[in-house]
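The values are calculated or read from the model by the stated rules, or taken from the named source; none is laboratory data. Model, not experiment: these values are computed from the prediction. Glycine gets a Cβ as well: all are built from the backbone with ideal geometry, and neighbour counts include every protein chain shown.
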Amino acid sequence: MSTIAAISTAPGVGGIGIIRLSGEEAFVIIKKVFSPQNNSKIEGYKIKYGRIVNPKTKEIIDEVLVSFFKAPKSYTTEDMCEINSHGGNVIIQSILNVCLENGAVLAEPGEFTKRAFLGGRIDLAQAEAVVDIINAKTKAEAINSEKQLEGYLSKRIKEIRKILIELMVDIEASIDYPEYDVEEVTKEASGKSLKEALVLVKKLESTFEEGKIIKEGIRTAIVGTPNAGKSSLLNAILKEDRAIVTEIEGTTRDLIEEFVNIKGIPLKIVDTAGIRQSEDLIEQIGIKKSLKAINNSELVIAIFDSTKELSKEDLEILELVRNKNAIIVLNKEDLNNNIVETDKRILEMGKSIIKISALKNEGIEDIYKEIEKMFNLNEINVNDGEIVTNTRHKEHIRKSIELVEQALEEINNNMPIDVTSISIKQALEQLGKITGDSVSEDIIKEIFLKFCLGK
């Protein structure tokens with residue numbers, strides 16, 4: 001394979017920039033462009049100080065530190081160099097260009113990690129964990145991704161595959177070599193192995209709801225009538241003036257979306273347009289979006305002005321959230337004029353009721369505590385590394401469950417064992433697609449296109 005090079009640090013000005021090279025010619029290319037302070041031979045796992053020099057013009061580009069990693073003990077399992085230069089787009093790009101001019105080719109997105117996968121250092125699930133670590137929005141997501149990079153999920157998948165593979169060995173032996181004294185696979189033994197595998201794979205599937213919360217967060221819509229305090233609540237949660245707050249009704253006309261970290265879990269909060277009857281075409285569009293946001297949300301924070309009687313629009317909002325995960329928030333508690341806290345139409349909803357003053361940032365912590373309670377956030381344990389967060393993994397797990405259940409049904413219906421073996425092979429294939437043991441080149445390519453350059 002060709003020797004690849006790419007910038008591994010984010011664009012922009014910074015203290016340090018890193019350019020990576022990997023491949024058979026990595027050390028040859030670095031010798032052409034790097035002038036070390038002392039000319040000792042290149043050794044793996046050493047850092048050398050020197051200068052990057054354009055061999056054609058003899059121009060010194062930058063003072064750098066170069067790290068050397070010899071195959072197979074490197075990130076990619078190939079010879080690798082990492083050039084640590086001063087940060088800044090011009091310097092970093094100039095160093096990359098001189099590497100490309102002297103034999104390297106520009107790496108594709110994720111190609112360094114792809115080579116680590118192809119070299120057998122990591123499996124496909126571990127490779128995908130690299131992307132999750134980079135994109136982690138909270139500490140919980142980062143910890144879970146780190147555990148998956150260490151191979152915790154892969155270990156569980158391989159354990160399930162081992163049960164099925166051992167079963168297949170016995171089945172195929174009884175089919176292909178009946179003349180030998182091979183113990184025939186019995187219905188009882190096969191059923192026991194399949195049930196054992198089914199318990200383990202279903203346990204993985206059951207973690208996906210937690211995994212979805214860790215990775216995608218909880219889609220949360222803040223809804224209410226104009227001037228109920230939606231935007232003030234959003235600003236209080238974000239601790240910044242993200243939304244415009246005025247006494248003029250209908251200020252928010254479009255959805256405002258932000259992520260916020262609550263108890264280590266991301267909340268995707270949507271501040272919606274105030275729900276009311278309006279002749280304003282633009283506001284009508286905003287209200288339609290608000291209704292859609294309620295339908296698509298996993299949590300609704302319905303906010304009401306506690307100093308006013310419930311209006312027709314307030315009652316419509318109560319109906320909209322009746323069958324949703326919802327928290328009822330009574331705002332403007334600081335005005336000491338709460339006339340709706342005993343309203344039967346609110347009490348009969350059976351929802352948690354929290355009194356706040358969004359303006360004075362009072363009661364916000366109570367909302368966090370209620371969210372934690374509703375979604376059992378304190379019970380999510382990311383330290384075992386077996387929480388499934390990847391939708392691709394979930395689909396293959398779901399399909400493998402269906403196939404194992406199908407194999408069990410075939411055994412119970414006294415189908416020929418070779419028919420059952422087809423279902424078991426297909427289940428193995430589905431699980432193998434998670435770790436990369438049985439996945440097509442097209443899928444591999446698609447997965448690594450999600451990576452950034454230089455990783």
On the given criteria, is Ile122 without any contact (Cβ under 8 Å) to a residue 60 or more places away in the chain, in contact with a Ser or Thr (Cβ under 6 Å, 6 or more places away or on another chain) and among the hydrophobic types (A, V, I, L, M, F, W, C)? no
Is at least one residue of the stretch 435-454 modelled with pLDDT under 90, part of a helix (DSSP H, G or I) and among the basic types (Lys, Arg)? yes
Taking the condition of being in contact with a His (Cβ under 9 Å, 6 or more places away or on another chain) and under 21 Å from Gly103 (Cα atoms), how many residues in the stretch 31-71 meet it? 2
Evaluation of Glu410 against (1) closer than 30 Å to Asp170 by Cα; (2) in contact with a Leu (Cβ under 6 Å, 6 or more places away or on another chain) (one fails), failing number: (2)
If you go through the stretch 403-454 one residue at a time, how many are more than 19 Å from the chain's Cα centre (by Cα) and on the phi < 0 side of the Ramachandran plot? 35
So in the stretch 347-363, with the set limited to residues that are of a type in the set (A, V, I, L, M, F, W, C) and surrounded by 19 or more Cβ atoms within 10 Å (Cβ to Cβ), which one is modelled with the lowest pLDDT? Ala358
State yes or no: is Arg121 among the basic types (Lys, Arg), closer than 30 Å to Thr391 by Cβ and surrounded by 18 or more Cβ atoms within 10 Å (Cβ to Cβ)? no
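Restricting attention to the stretch 79-107, which residues are assigned to a loop (DSSP other than H, G, I, E, B) and either in the same structural domain as Thr435 (by TED's automatic domain parsing) or buried (at least 23 other Cβ atoms within 10 Å of the Cβ) (or both)?
Asp79, Ala104, Ala107
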Suppose we keep only residues that are loosely packed, with under 14 Cβ neighbours inside 10 Å and not aliphatic (A, V, I, L, M) within the stretch 319-340. Which one would you say is nearest to Ile218 (Cα to Cα)? Asn323
For the stretch 373-393, give me the residue count where each residue is modelled with pLDDT of 90 or more, surrounded by fewer than 19 Cβ atoms within 10 Å (Cβ to Cβ) and either β-branched (Val, Ile, Thr) or touching a helix residue (DSSP H, G or I) at 6+ places or on another chain (Cβ under 7 Å) (or both). 1
Total residues in the stretch 302-331, condition free of Cβ contacts under 8 Å to residues at least 40 places away in the same chain and either in contact with a strand residue (DSSP E or B) (Cβ under 6 Å, 6 or more places away or on another chain) or among the hydroxyl-bearing types (Ser, Thr, Tyr) (or both): 5
